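Report on the following structure.
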Amino acid sequence: VQLQASGGGLVQAGGSLRLSCAASGSIFSINAVGWYRQAPGKERELVASITRGGSTRYADSVKGRFTISRDNAKNTVYLQMNSLKPEDTTVYYCGATTWGGSKYWGQGTQVTVSS
């Protein structure tokens, strides 16, 4: 499984960004895809995830502001981020979990929210 993340950038507080995670390779083996973020010196944390069945999950800090979705035809998962705050600034990663429990990561994409 290969994951290609894109869509990060610089935005003012209150603005929006959409991250994309395009999957390739053994797509059929993927059970869930999630967006994670990791600030310097901190552990990587789950921001949002979506399962093959469509179930979604969000971190409390982003509920009501971020939405995870997918386009099966494009093998792509999106993270729409609205009402961005300076504390959302960090590197975001997409990760895929397979039915067998393996984890794959895309490269990080920087999100910077200015106050």
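Read the figures in this text as sums done on the coordinates, not as results from a lab. What you see is a predicted model, and the numbers here were worked out from it, not measured in a lab.
Partner aspartates and glutamates whose Cα lies under 14 Å from the Cα of Lys63, excluding those fewer than 8 positions away in the same chain, are identified as Asp88.
Using a cutoff of 8 angstrom between alpha carbon atoms and counting only pairs six or more residues apart, the relative contact order for the stretch 35-115 works out to 26 percent. Pairs of alpha carbons in the chain separated by more than 18 Å make up 45% of all such pairs.
Of all lysines in the structure, the ones whose alpha carbon falls short of 21 Å from that of Lys103, not counting any fewer than 8 places away in one chain, are Lys42, Lys74.
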